[in-house]
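The values are calculated or read from the model by the stated rules, or taken from the named source; none is laboratory data. No experiment lies behind these values; they were computed from the predicted model shown. FYI the Cβ positions are ideal-geometry reconstructions off the backbone, even for glycines, and counts take in every protein chain you see.
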Amino acid sequence: MELLVTLRKRELLEKVLPFVDGIIVGKFFTSSYHCSLKEIVEINVICKANQKKIYIVLDDFISEDDIDALYKYLEFIRKLEPDGIYFHDLGIVTAAKKYGLSDKLIYDGKTVACNSLDTAFLLSKGIDSVVLSRELTLEEIVRILQNNPRQIDLQIFGHQRLSYSKRRFLTNYFNEINKEFDYLDKEDLFLVEEQRDYKLPIIENEEGTFIYSDYVFEMFNELPDLIPYLRRGIVDTLFIEDQTVIDLCCDLHRLTGENKSFLRDNLYQNHPDRYSSGFLYQRTNITKDE
Amino acid sequence: MSKIELLAPAKDLQKAKIAIMYGADAVYVGGKFFSLRSRASNFTIDDLRELCAFKKNYGAKLYVTVNIVFHDDDYEGIREYLKILDDMGVDGIIISSLALLRIARKVAPGLECHISTQLSSLNSLAVQTLKEYGADRIVLAREASMDQIKKIAYSTSVPLEVFIHGGMCSNYSGRCVLSNRMTLRDANRGGCAHSCRWKYHLFEGDQIISNPNCLLSMSSKDLRASAYVEEMIRCGIASLKIEGRMKSEYYIGQVVKTYRKMIDEIGLYGHLTEERLAYYDEELSKAENRPSDDGFLSGDCDHSKHLYGINGAGVTHDYVAYVHRYDEARSLCMIEVKNIFKRGDKIEVFGPEVDNEQFTIDQMFDQNWNLVELANKPTQLLFLRIPFKVHQGDMFRKVSL
C-alpha cells in the first residue's frame, strides 16, 4: 500500500515527505486544497527529486461552462506527469483522453463507490483505481478488496465528507439574516443540529458548500490487515493540526500489526480529538419503517 | 419541434393509473427492492404486471427505478428481477449503478438503461462518458442551468431527461450521507431522513453566530420549471420529469394535467403567451405543498430559493373527493371522500376531460341513501348529483372563498 497525504500547506511538504510514498495536491476546481499552481509545480519537482509520487485531486463537479477551463487545467496537469489524478465527475474520463491521461485516473465518488461490481466495471473501463465510499462497514470493505485486490484506495484517516452542494449555504444564510461575515474558506465553522450535539465542520468556497463528519476517522487497528490488499491509503488532513499531520504520517509509516495499539494510544494521548471508526462497525441501512 | 415525453412518478398502482389517465406519456415507479424512497408503497411484481397491461392501452411507457447506491449484498436477486421486468414489458430501468448497464444488457436486453440523477451528470463530457459506457438515456443533474442544458443537448445524441417539477435535494444527488450520520438511515439506499431540512445552529469555534430566531437550514424550495418547458422542447430534451414518488393522487393528477396541457399548447401554437403561462402557474400552485422556484435553471440559487423556518406550507386547495362512477342518465355521481367538506361548499372538479368546472354541494347520500350533511369520513363512498358530466378518475377540490 502506498501511503499518501493531502498537502494543504506548502511548508509541510519537507516534514511529511520522509514518511509517505506520495503527496496529493490540487487547485482550481478542488475543494479545500490551498496550493497555488506555482506551488504545485514546485511540490512536483521536490517529490520527483525525492522519488516520491505526486497525485492531483480534481474532485468537484464541472459545469458545462467550465469545460474550457478544465481543458487548460488538464494541460497543466499533463505537463506535471503526475502519478495519478483523483476525480469525481465522470466527465473527466472523456476529457482526460484528449490529454493522454486516461491511465492516470482514480475515481473518488465519495459516496457512490460502494460495491465490488461497480468497482470492477470502472476498472474494466481503464480507470486505474477506485476510492471506496466512506460509509462502508469494515466487512463490506474487506469483501470489495478481496474481489478487487490491489486496485482499491481508501481514506484511512481524517474527517469524512458528508455532503457536497452547489448551493452556498453560508452566503445565503448570512444574506437571510442580514449579517456581514467573512466566511469563505473558513475552517472553524460548525453546524450543530437543534436536537443533536454533533458538531459538523462546514466549509463554503467558490465551488459550493461541503459538510464533514464531526469525528476524525482513524483505523489504526484495522489497517495492518488491509495493507496487503490496498493500493493506496489516503490521509486527509483537512481540519487537522500541522503537528498531528506530521506525527500521524510518521506513525502510519511504521504501522504494523504489533505496534498498532501503541501507536493508536499515542495519537489519542498526544493529539486528543474526537476520533472514531466512523461507519466501519455501523451499518446505515435502517429504513424509515424500522 | 420534437415530441417530448412527460414523465410522472407514482407511489402505487392507483397513482400510476391516474398519472397515465391525466396525460403522462410515461411513469416511473419503484419495486419493492432496489429502489430509493423506501417509504413509498412500492410495487409488487403483480402490481407491475397490471401496470404494464394498463399502460399499453394508453400507449404509455413504464420505467422502474433500480436506483439505490448498491452495496455488495444489495445485488442479490437483481438478475432475476431485471429479467422479470423485461419479460413483462417494462420499457426501462433508472439506475445509478454502472455495473447494471452490463448486467441488464446480458439478462434483460429489452430494457433501456437510464442513468439516474444520483450520478449528477452536469456536463456534456459526463454525458459522453456515460454514452460510451452504454447508457440509453441520462437524467441531468438539477444543478444545471437552462443555458447549460441547451449546450449539453446540442452536443449529444443521447436522449436527455430533465426534472421540471417537485422537491429537490439541496446537495448534489447521491453525494450526501448526512442522513447516515444523523440517523443511521442510508440516504442513498432509500432511507433519507432529509436532514438537510432540519435546523442548525452555526458556530465559529465555540461561539454561536447564528440567529436564534432564524436558524440555518439547507432546505430548498421545490422546483417549478414551467417557464422553461418551451425552451426544453426546442433544444430537444427527450423527457420532462416530475418528481414525487411520495406524493398524493391529487398532486399527480393536477401537476400532470397542467404540464400535459402546457406541452400540448406549445405543440399546437409553437409558444406560450405570458398570460397562458401565468394560468398554468396558477394551476400548478393548487398542488403546491412547499414554496417553489426555478432552482438552478436561471443560474445561481440565492437565499430567496431557500426555506428558513418552514418545511412544508400545505396545499392551497383541499382535495376532497375522488370520482368512482358517474351515471349520466341520472346525473348521479359516486365519490370517495378524501378530506372534509359539507353541504353548501363550493367545489371545483378537474380531470383528464374536465377543466375546473364548479358547482355547489347540495344533497349527498351514503350507500343506504341516508342524507349526509358533513362528509368527514375518509374512504366513505357518497352519492350526489352534479350538473355536468364527470368521469371515473376526476377529482373534487374545495374552492377557497
Is it the case that A:Ile240 is more than 10 Å from chain B (Cβ to nearest Cβ) and touching a residue at least 24 places away in the same chain (Cβ under 8 Å)?
-> yes
Return a yes/no flag: does the stretch A:68-82 have any residue that is in contact with a helix residue (DSSP H, G or I) (Cβ under 9 Å, 6 or more places away or on another chain), farther than 26 Å from B:Cys176 by Cβ, assigned by TED's automatic domain parsing to the domain that holds A:Val41 and not in a helix (DSSP H, G or I).
-> yes
Hey, B:Gly30 surrounded by fewer than 22 Cβ atoms within 10 Å (Cβ to Cβ), within 18 Å of the chain's Cα centre (by Cα) and not in a helix (DSSP H, G or I) or not = no
What about A:Ser124, is it more than 7 Å from every other protein chain (Cβ to nearest Cβ), surrounded by 23 or more Cβ atoms within 10 Å (Cβ to Cβ) and either within 30 Å of B:Ala99 (Cβ to Cβ) or over 17 Å from the mean Cα position of the chain (by Cα) (or both)?
-> no
For residues that are surrounded by 14 or more Cβ atoms within 10 Å (Cβ to Cβ) and β-branched (Val, Ile, Thr), scanning just the stretch B:307-336, find the one that is modelled with the lowest pLDDT.
-> B:Val315
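Residue-by-condition table, conditions (1) more than 19 Å from B:Leu62 (Cβ to Cβ); (2) under 24 Å from the mean Cα position of the chain (by Cα):
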site: B:Leu82; (1), (2): no, yes
site: B:Ile103; (1), (2): yes, no
site: B:Asp136; (1), (2): no, yes
site: B:Ala153; (1), (2): yes, yes
site: B:Ser157; (1), (2): yes, no
site: B:Leu160; (1), (2): yes, yes
If we keep only residues of the stretch B:338-356 that are in a strand (DSSP E or B) and more than 23 Å from the chain's Cα centre (by Cα), then the residue surrounded by the most Cβ atoms within 10 Å (Cβ to Cβ) is B:Phe341
Return the only residue of A:Val142, A:Val112 being farther than 18 Å from B:Gly174 by Cα and among the β-branched types (Val, Ile, Thr).
-> A:Val142
Which condition number does B:Ser304 fail, the rest of (1) modelled with pLDDT of 95 or more; (2) among the hydroxyl-bearing types (Ser, Thr, Tyr); (3) part of a helix (DSSP H, G or I) being met?
-> (1)
Tell me, please, whether a residue that is at the interface with chain B (Cβ under 7 Å from one of its Cβ atoms), at pLDDT below 95 and touching a His at 6+ places or on another chain (Cβ under 8 Å) can be found in the stretch A:95-109.
-> no
Select from the stretch B:106-152 the residues that are more than 10 Å from every other protein chain (Cβ to nearest Cβ) and in a helix (DSSP H, G or I) and write down the one among them that is surrounded by the fewest Cβ atoms within 10 Å (Cβ to Cβ).
-> B:Lys106
For the stretch A:174-183, does any single residue satisfy the condition of being acidic (Asp, Glu) and either at pLDDT 95 or above or surrounded by 18 or more Cβ atoms within 10 Å (Cβ to Cβ) (or both)?
-> yes
Any residue in the stretch B:186-207 that's at the interface with another protein chain (Cβ under 8 Å from one of its Cβ atoms) and on the phi > 0 side of the Ramachandran plot: show its pairings with residues that are modelled with pLDDT of 80 or more and in a loop (DSSP other than H, G, I, E, B) at Cβ separation under 7 Å, as long as the two are six or more apart or on different chains.
-> B:Gly190/B:Ile68; B:Gly205/A:Asp188
Quickly run through the stretch A:167-194 and pick out the residues that are over 25 Å from the mean Cα position of the chain (by Cα), within 15 Å of B:Cys196 (Cβ to Cβ) and either assigned to a helix (DSSP H, G or I) or more than 7 Å from chain B (Cβ to nearest Cβ) (or both).
-> A:Asn172, A:Tyr173
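Considering only residues that are among the β-branched types (Val, Ile, Thr), more than 30 Å from A:Glu204 (Cβ to Cβ) and surrounded by 20 or more Cβ atoms within 10 Å (Cβ to Cβ), look in the stretch A:128-166 and name the one that is nearest to the other protein chains (Cβ to nearest Cβ).
A:Ile144
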Residue match in the stretch B:53-62 (condition: in the same structural domain as B:Ala104 (by TED's automatic domain parsing), part of a loop (DSSP other than H, G, I, E, B) and surrounded by 22 or more Cβ atoms within 10 Å (Cβ to Cβ)) | yes
